[in-house]
Structures are given as structure tokens and as C-alpha cells.
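**Student:** If you scroll down you'll find the structure; I have some questions about it.
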Amino acid sequence: MFRKRLGLVAAFAGLGGTAATIPAMLPSLEARLDASVLPAVPLLFGGLLVGVLLSAPLLVRVRVRTVVIAGSALQAGALFWLAAATSLPEILVIAACAGAGFGLTEAAGSVAAKRWERGSATRSLAMLTAAVAVVAALSPIAVAFLPGGVWLVPVLVAVIHLLACGAIARVEESITVPGEAAETDGPRWTPAARRVLVVAGVALALYVGVETVFSGWSALIPAAVLDIDPQSAALGTSGFWLCMAAGRVIAAAVLRMGVQPVVLLLACMAVAAAALLLTSLLAPSAVMLVGLGVAVLAMAPVYSLVLGEALDRLSPQAAARATGPLVACGALGGTMVPMVLVAAGLEPDNVATFLVAAGICIIIGAGALATLAAPTASPRHSSTHQGVSP
């Protein structure tokens, strides 16, 4: 159990490094190359989508640990390359490769959180995504203040990925969960399960889209509003992930106190929507960054709450089939929502962007209230307390 937990924490921590290092480096890369590198963010999430789609067939044919290792290794290779990259085409290819590795690791790691950990997938994912946010918060600080941080930080994050590979490679794991084989002869999805999957998929797409808007350009927003230099602007990404880390740690503590995940989700969406509406009234000004920080703090646990609640309502075998498509929905939203906003002329620091984000939070909350608060699609205790025999 220790190796499994250590490997999962390292893998998810590496995800945080990948997610924060590339956006934090964008202003410095633009200054170095004298070219716009904004396409790197959609390519990062486009690669993520590819990785997630690949994970769907892989997760029902090979061991979960194999997919996690493959994703972590691909991210490590991309980040080592990023440290030495000298041209825009290299940056774009690196972003796509890192995203593909991210998608493989995230999808397989989410399945592992359900199979390997005892208890609820929601609580396991809350702890793991907190590790994501902590490393993501520290990485941009290192970019901004460490001598040579622009090339050193990608190397350090790559090392975290390699450590995850080493720990997970030593995990003994069977391909299937005891009791799964009998389930494959029955119907694939019940009507209740399909309803949960549709709502969760839409919610993840909308949520990840909004998160991408604020995370992908988190260094560019303070650079524009505060008129600071590119390396210092990396602290904007750190601020974003510090809020994410705080929100996820608080959420994990609240869940341990016995608060129902759906209740927490509704509260988070209400606070986020209110904060984004306030931010729209303050934009563009330095004060708006405070309102945006509150919104990010509230949104932080939403991904794990939605995904965990969906997985907790499915049997282990159904969860393995559903994880890839659900994470793919998030990746698709992370690619499409920012592209749609930019195509419409809504830059990340525009008033209309915050209004759209507030509306999305209200939609997610309404969907959760209507569907995830309903009785589960399968008994929780039969789907959250089984594990793989070591």
C-alpha cells in the first residue's frame, strides 16, 4: 500500500509541475524567442485530449501502472527537451507531447485512486489533486527566483516524474479487480449511470475550460494588469496554484469532517460565481486579482468532486471504462472554451470573460443539484471499498 500511495502522489505531483511550469514560462519564452507562444496552451490541452483518448482502450487491456508509467515518462522527456528548446516549433511540439503524457497519467491515476486506495474515490482524488496544486504553486516561484530557473525547473519536474515511474514500477498489481469479470456479462450502463455520466462529462468540460482560461494565461494577466517584467509575471501562475492548493486542502479537510461532496460542490460553485461577478465589476484593475483569487480558491476542488462522485456511483469495471471518456470531456473543454473565448475577442482579463465564467459556475451547480444529488447509479459501498490484491 505504501508503494502504491507514494507512486500515485509522485505521479500527481508531477502533473502539477507540468501544468504550472509551461504557463509560467510563457512570458520568458516570448521574450527569448520574440514570438507569440500562446498556441502552446491549446496544444498542451489538445495533447492531453489525445492522451486521455488513448488511455480508454489501454486501461481495459493492460495494467493501470503501465499506463501511469508511460504518461509520466513522456512528460519527463518533454520537460527535459523544454529545458534546452531554442525555437517556437520545438515549444509547440513539447507542449503537445507533455499534454499527451499528462492525459495518460491523469486518466490512469484516477482509475488507480479508485482501485488502489481504500474508501471513496472522491476523498482519494481530493488528496491527490491537493498534491497537484502544491507542486504547481511552487514551480512558478522557482521559475521566478532560482538562478537559471527557466531551464532548471523543467529538469526538476522531470525528475519528479522519473521518481513516480520508479515507485509505480515496483507496485504489484493484477489486471482486474476481484468481482469485475462477472459484471462484464450484464448491461454496460443503467439509465441512472448514463445520466450521471452525461452530467459529469458536461460539468467537467465546462469547469476545465474555465480553469484553463485562468491557469493557462495566469502569468499574462498580472503582466498586463500590473505591467511587470516577464520573469516576475511567473508569480501569477504561482498565485493561481496557491489558491488551488489552499482550496483543495480545505476541501479534503471538509470531506473528512463528514460533509457530503455534493453539498461542498454546490457551496463552491455559489462562492465562485459570486466572486467572478465581483471581479467583473472591478476589472481591469489590480484589485480584481483579489476577486479572481477567491474564485479560484472556491473552484479548486470542483474537478475531483465531480469526477469522484461520478466514479463512486459506478462499479469498478464501469469506472475503468468511464474514467477515460470523463477526463477526455475535461480535456476537450480545456481546449475548446479558451479557443472560443479568444475567437470571440474575449481575452482572459476582459469583463465579459468573468461574466461567462460566472455563468458556467451556475450551470455546473444546477447540474450537480439535479443529478449528482440523486440516488447513486450503483451502491457506493460495492464500488468504493474494493481494491486490487497485491
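**Student:** Of all helices (runs of 4 or more DSSP H) completely enclosed by the stretch 300-371, which ones contain at least 3 residues that are open to solvent by 40 Å² or more (accessible area, probe 1.4 Å) and out of contact with any Cys (no Cβ under 7 Å at 6 or more places or on another chain)?
**Tutor:** The qualifying helices (runs of 4 or more DSSP H) are 316-343, 351-367.
**Student:** Of the residues 226, 292, 266, which single one is within 28 Å of residue 40 (Cβ to Cβ) and under 22 Å from the mean Cα position of the chain (by Cα)?
**Tutor:** Unique residue meeting the criteria: 292.
**Student:** I need the full set of residues from the stretch 48-70 which are under 20 Å from the mean Cα position of the chain (by Cα), within 17 Å of residue 326 (Cα to Cα) and not hydrophobic (A, V, I, L, M, F, W, C), in order please.
**Tutor:** Scanning the stretch 48-70 gives 51, 55.
**Student:** With in contact (Cβ under 8 Å) with a residue 40 or more places away in the chain, under 29 Å from residue 196 (Cα atoms), crowded, with 21+ Cβ neighbours inside 10 Å and out of contact with any Lys or Arg (no Cβ under 9 Å at 6 or more places or on another chain) as the only criterion, which of 234, 251 stands out? Before you say what the answer is, go through the steps one by one.
**Tutor:** Working: 234 fails: under 29 Å from residue 196 (Cα atoms).
That would be 251, the only listed residue that is in contact (Cβ under 8 Å) with a residue 40 or more places away in the chain, under 29 Å from residue 196 (Cα atoms), crowded, with 21+ Cβ neighbours inside 10 Å and out of contact with any Lys or Arg (no Cβ under 9 Å at 6 or more places or on another chain).
**Student:** Report the residue count in the stretch 3-21 for those that are of a type in the set (Val, Ile, Thr), in contact with a Pro (Cβ under 9 Å, 6 or more places away or on another chain) and open to solvent by 10 Å² or more (accessible area, probe 1.4 Å).
**Tutor:** 0
**Student:** So which residues in the stretch 258-295 are among the β-branched types (Val, Ile, Thr), touching a Leu at 6+ places or on another chain (Cβ under 6 Å) and either open to solvent by 50 Å² or more (accessible area, probe 1.4 Å) or over 20 Å from residue 313 (Cβ atoms) (or both)? Spell out how you get there, then give the answer.
**Tutor:** So in the stretch 258-295, the residues among the β-branched types (Val, Ile, Thr) come out as 259, 262-263, 271, 279, 287, 290, 294.
Among the residues that remain, those that are also touching a Leu at 6+ places or on another chain (Cβ under 6 Å) are: 262, 279.
If the condition is that a residue be among the β-branched types (Val, Ile, Thr), touching a Leu at 6+ places or on another chain (Cβ under 6 Å) and either open to solvent by 50 Å² or more (accessible area, probe 1.4 Å) or over 20 Å from residue 313 (Cβ atoms) (or both), then 279 is the only one that fits.
**Student:** Continuing with this model, one more query. Of all residues in the stretch 135-154, count the ones that are of a type in the set (Phe, Trp, Tyr) and in contact (Cβ under 8 Å) with a residue 60 or more places away in the chain.
**Tutor:** Selection size over the stretch 135-154: 1.
**Student:** Taking the stretch 28-76 as the region of interest, how many residues are open to solvent by less than 10 Å² (accessible area, probe 1.4 Å), outside any helix (DSSP H, G or I) and either at pLDDT 90 or above or closer than 29 Å to residue 339 by Cα (or both)?
**Tutor:** Number of matching residues: 1.
The values are calculated or read from the model by the stated rules, or taken from the named source; none is laboratory data. This is a predicted model, so every value here is computed, not measured. Positions of Cβ are generated from backbone atoms using ideal geometry, with glycine treated the same way; all protein chains shown enter the neighbour counts. Areas reflect the complete protein model, heavy atoms only, side chains present, ligands, DNA and RNA absent. Shrake-Rupley method; radii C 1.70, N 1.55, O 1.52, S 1.80 Å.
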